[in-house]
Structures are given as C-alpha cells and as structure tokens.
Amino acid sequence: MARLTPDPTFYPSPRSAMAAPREQLAYVVTLNTGSNGSAAPDALCTLDVDPASPSYGQMLGRTQMPNVGDELHHFGWNACSSALCPTAPHPHVERRYLVVPGLRSSRIHILDTKSDPRQPKLVKVIEPEELARRAGYSRPHTVHCGPDGIYMNALGAPDGDGPGGIFVLDHDDFSVKGAWEADRGAQYLAYDFWWHLGHDTMITSEWGTPNMVEGGVNPDLFGKYGHQLHVWDLRSRKHLQTLDLGAEQQMVLELRPAHDPNKTYGFVGVVVSLEDLSSSIWTWYRDGAQWAVRKVIEVPAEPADPDQLPPALKPFKAVPPLVTDINLSLDDRFLYVSCWGTGEFRQYDVSDPFNPRLTGSVHLGGIVARAAHPKAGALNGGPQMVELSRDGRRVYLTNSLYASWDAQFYPEGIRGWAAKLDAAPEGGLRIDPDFFVPFEGERPHQIHLAGGDASSDSYCFPS
C-alpha cells in the first residue's frame, strides 16, 4: 500500500531536522579480511547508540552478505528528505531500505530495516553483470537519495579502466535505470558526488579508476590521481566546468555541500600534496556565472623517525595527515576532518567558509602516535569515516579505509574499532569514555544513523 503521508523521518529543512529525536541505532558496514583464519562474507552491523540502554555501545545485530569478497564500503538510504522537494515530490517513499554496494565485487545489496531495525533483512542483490549491462559501470561507491531516484556513482568501467560516473536506481523496485550523464565532457575519473538542488547543479570529485587504486597507492601514478572537481547541470545532465586544484593535489575525495539550499558553496578534502605531504580542505563556490575553488585549510605532515614508519613512508621521514573523510553539521557551522595518518580528528568553525577556525581536536590511533582510548588503550588505524548526529552533538568514527591501503599504511593489520565523541554547541570535542566498539577479525567502514544524520539527506527549504 502506498503511503498517504510523508515518512516522519523526512524534514523540509536542515533546521527542522536538527530538532528531530535523538538516534538510538547506528548501522556500520564491516570488511572481513580473513585475518582470523577464515574467509567470511562482509556484514552490516547494528550498534546501540542510546546512552539510556543497558547495551549502549554494543553490537545488537549483524546481517551477513551471501558472498565473500564484496568489500562493503559506502552505503546509503533509498529515500530521505529530498523526497519533499517540490520539483520531483515522492511522498509515498519511506526511509526503509539501505543500499549497500560492494566496492570490489560490484554487487549492490538492498536491506530492509522496517520489520526489525536491529536486524535488517537482505531482500535483493543486484549482480555486477546487470550494472555493467544497464549502465556500463562497475565498482559502485557512493549512494545519495535524490528526489527522483537513488543516485550512485562508480569508479570505472567493467574492465577496470574509465570512465567512472553516476547511475540511477529506481525508487520502487531498485532496477538500474542507466548511466546518468548525457554529456560528460572532460570528466574521466570519479569518486564522490553531491548537489545544490535549488541551483540545478551537481559537483563531482576524483580518485582514480579501479585499476589505479585497487592495488594500493602506486608511486608511479603520482600526478595522475584525481585533482579536479567537475560541475554539472543537474537537469540536463551535462558537464559545465572543470575546476583544477593542481596536479600536486592528489585524490580529491569527500564532498560536503552547504545544507542550506540557498547557499552555493561546499567543502572538499584532498588526501595529499606531492609537494610536502600535507592534506587540505578547499571551498568551492559560485563566482558570478561560473564556479571557483579555493584552498582554505592546510594540515601539515608531522616529522617522524623512519624506524616508526611503514615502508611506503620511510623515505619521507614524516607522517602525512591523510585526510580521508570530512563532514559538515546541519547548521553549516562546524566542519569535521579525519586525519587517518596522524590519528588526529579536527573540528573547524566554518561560519565563514573562506576563513575556517580550528575549535577542537582529539587524537585516536595514528601511524606513529597510537593514541589511546580511555576504554581500550593504544589504538591503531585512525579516525577515518565520520558521521554526525542531526543535532550536531555526537560524532561517530571508524578506523578502516580500504583493504589494500590499510595494508600499506598499517602493515601490522587494522584492528577495527568504532568510537564516539561529544561536540560542544559552541565548539570543542571530548571522547566519550563509555563508547568503544571493537570489531574482532573485521574492519568497520562507513556509519549511518537510523532516522538520518548529517550526510544522509538533502533539503529544498532553508528553514
């Protein structure tokens, strides 16, 4: 039966979403590397994030995938607050299904959370052959629920080369509609994508083709990894503009547009500079009739004893920050930055998006520091994927990046964990000493919160 009223977890504006009830469950995908002696499938796990619960900070459920070797990575909801947009309203859809792609296998898993939110049920698997046949893509990576369908991107073509791009799934039956681009212009590499719905604009970023990234970081490809943003007309699906950050800026990854639909700016993280191993944050923005981009944050590399470094870093005698994820609070005030290499997690006040101000910092893990958690002692890995509650008060972190890259930067093996930080309303971070989830034999990656979070929804109304 079709819904007659919108899903109660949909909100017309980011301000209204910030007043939503507190999350009680979190979903996290885990990678099974076979480190415990058995080659097992990856899984979607459910965590208790209700501090009033006796099982706070514990795993409540685990849905195992049917195949081995998927490498579950980024995932998302089938529907969200963008369904309330007036341009393509779909009030009958509900935030019910998690769309979970395998970055290695190119399978896409559909899991139903409605009957038992603690134990989602796998209801459909889209095989890589269908994705290749209908869209010409492979290695699906990111999921965003749009007002007219489920948007996903892919790193490349079925043969492992490019181009990568975007495809769309149907809201109702999850069939692959096809490739999104009508004219891709100069775009070839792909990674993340997001939009300014009220301005009919999409922004995409670049990593590398599957053949460039699946074996780990390849020094022979330095200068050839992604260093551009691409601007698209969202309605006509045509490429409009390329914004080049410079060939020394390697791997332009996570995009976080302003949540207020009237604002025309956003933030993107760059993993590493070939000049000095620093990482950086850039602001893209509308500049008259065109779009422009400007570096606004630089995080320097930290000098280190080569004996404490993995082989890949010994010649440099330094630890690069390796900014691998960022997130933006729903009020567009605070930007959160994961430095997976140094183990630092930073909070910036970005009320002025061109002049960020550092307001908080904590350390967990890190290649050299191995900074401790109060509940678990010294950690390896570092803050990697970051998710933020809708009210901006709670930050959730996991520590695994990508199997082949984990092996290069943490060759002893990532020991998986999830942690939580508390964010003060006026700025500042504190580690929650009671929330620490270890993952034995598995590595956690992306987290999403039941009911929505700071990176799950798009809005068409400002207040």
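The values are calculated or read from the model by the stated rules, or taken from the named source; none is laboratory data. Fair warning: this is a prediction, and the values are worked out from it, not measured in the lab. All Cβ positions, even for glycine, are placed from backbone atoms using ideal geometry, and neighbour counts span all protein chains on display. These accessible areas exclude ligands, DNA and RNA; they are computed on the full protein's heavy atoms, side chains included. Shrake-Rupley method; radii C 1.70, N 1.55, O 1.52, S 1.80 Å.
Which residues, counting only those in the range 24-65, are part of a loop (DSSP other than H, G, I, E, B), open to solvent by less than 10 Å² (accessible area, probe 1.4 Å) and either charged (D, E, K, R) or within 19 Å of Arg390 (Cβ to Cβ) (or both)?
Answer for the range 24-65, where residues must be part of a loop (DSSP other than H, G, I, E, B), open to solvent by less than 10 Å² (accessible area, probe 1.4 Å) and either charged (D, E, K, R) or within 19 Å of Arg390 (Cβ to Cβ) (or both): Asp42, Val49.
Given the options Arg95, Arg139, Arg134, name the one that is buried (at least 20 other Cβ atoms within 10 Å of the Cβ) and not in a strand (DSSP E or B).
Arg95
Out of all the residues in the range 199-212, which are in contact with a strand residue (DSSP E or B) (Cβ under 7 Å, 6 or more places away or on another chain), outside any loop (DSSP other than H, G, I, E, B) and of a type outside the set (Asp, Glu)?
Answer for the range 199-212, where residues must be in contact with a strand residue (DSSP E or B) (Cβ under 7 Å, 6 or more places away or on another chain), outside any loop (DSSP other than H, G, I, E, B) and of a type outside the set (Asp, Glu): Thr201, Met202, Ile203, Thr204, Pro210.
Any residue that is aromatic (Phe, Trp, Tyr) and crowded, with 22+ Cβ neighbours inside 10 Å - is there at least one of those in the range 253-266?
Checking the range 253-266: not a single residue is aromatic (Phe, Trp, Tyr) and crowded, with 22+ Cβ neighbours inside 10 Å.
Inside the range 114-131, can you point out the residues that are touching a Gly at 6+ places or on another chain (Cβ under 9 Å), surrounded by fewer than 23 Cβ atoms within 10 Å (Cβ to Cβ) and in a loop (DSSP other than H, G, I, E, B)?
Asp116, Pro117, Arg118, Gln119
Could you run through the range 14-23 and say how many residues are out of contact with any His (no Cβ under 6 Å at 6 or more places or on another chain), open to solvent by less than 50 Å² (accessible area, probe 1.4 Å) and more than 14 Å from Lys420 (Cα to Cα)?
3
Quick one: which of Ala450, Ala372 is in contact with a Leu (Cβ under 7 Å, 6 or more places away or on another chain), open to solvent by 10 Å² or more (accessible area, probe 1.4 Å) and without any contact (Cβ under 8 Å) to a residue 12 or more places away in the chain?
Sole residue among the options that is in contact with a Leu (Cβ under 7 Å, 6 or more places away or on another chain), open to solvent by 10 Å² or more (accessible area, probe 1.4 Å) and without any contact (Cβ under 8 Å) to a residue 12 or more places away in the chain: Ala372.
Would you tally the residues in the range 180-198 being modelled with pLDDT of 95 or more, open to solvent by 40 Å² or more (accessible area, probe 1.4 Å) and either of a type in the set (Phe, Trp, Tyr) or not in a loop (DSSP other than H, G, I, E, B) (or both)?
2
Filter the range 203-217 down to residues that are closer than 18 Å to Asp159 by Cα, in contact (Cβ under 8 Å) with a residue 60 or more places away in the chain and open to solvent by 10 Å² or more (accessible area, probe 1.4 Å) and give me whichever is farthest from the chain's Cα centre (by Cα).
Residue satisfying both the conditions and the ranking: Gly215.
Sort through Leu243, Leu229 and tell me the only one that's open to solvent by less than 10 Å² (accessible area, probe 1.4 Å) and touching a residue at least 24 places away in the same chain (Cβ under 8 Å).
Leu229
Can you name the residue in the range 271-325 that is touching a Ser or Thr at 6+ places or on another chain (Cβ under 9 Å) and part of a loop (DSSP other than H, G, I, E, B) and is also surrounded by the fewest Cβ atoms within 10 Å (Cβ to Cβ) among such residues?
Among residues in the range 271-325 that are touching a Ser or Thr at 6+ places or on another chain (Cβ under 9 Å) and part of a loop (DSSP other than H, G, I, E, B), the one surrounded by the fewest Cβ atoms within 10 Å (Cβ to Cβ) is Pro300.
Only one of Asp220, Asp173, Asp161 is without any contact (Cβ under 8 Å) to a residue 24 or more places away in the chain and either in a loop (DSSP other than H, G, I, E, B) or open to solvent by less than 10 Å² (accessible area, probe 1.4 Å) (or both); which?
None of the other options fit; the residue is Asp173.
Within the range 105-113, is even one residue touching a residue at least 40 places away in the same chain (Cβ under 8 Å), closer than 20 Å to Gln24 by Cα and surrounded by 15 or more Cβ atoms within 10 Å (Cβ to Cβ)?
Checked the range 105-113: at least one residue is touching a residue at least 40 places away in the same chain (Cβ under 8 Å), closer than 20 Å to Gln24 by Cα and surrounded by 15 or more Cβ atoms within 10 Å (Cβ to Cβ).
Given the options Gly413, Gly381, Gly428, name the one that is out of contact with any helix residue (DSSP H, G or I) (no Cβ under 6 Å at 6 or more places or on another chain) and closer than 22 Å to Glu23 by Cα.
Among Gly413, Gly381, Gly428, only Gly428 is out of contact with any helix residue (DSSP H, G or I) (no Cβ under 6 Å at 6 or more places or on another chain) and closer than 22 Å to Glu23 by Cα.
Any idea which of (1) more than 18 Å from Asp349 (Cβ to Cβ); (2) open to solvent by 30 Å² or more (accessible area, probe 1.4 Å); (3) out of contact with any strand residue (DSSP E or B) (no Cβ under 9 Å at 6 or more places or on another chain) is the one Asp391 doesn't satisfy?
Asp391 satisfies every listed condition except (1).
So which residues in the range 333-349 are in contact with a Pro (Cβ under 8 Å, 6 or more places away or on another chain), of a type outside the set (S, T, N, Q) and open to solvent by less than 10 Å² (accessible area, probe 1.4 Å), if there are any at all?
Hits for the range 333-349 are Leu335, Cys339, Trp340, Gly341, Gly343, Phe345.
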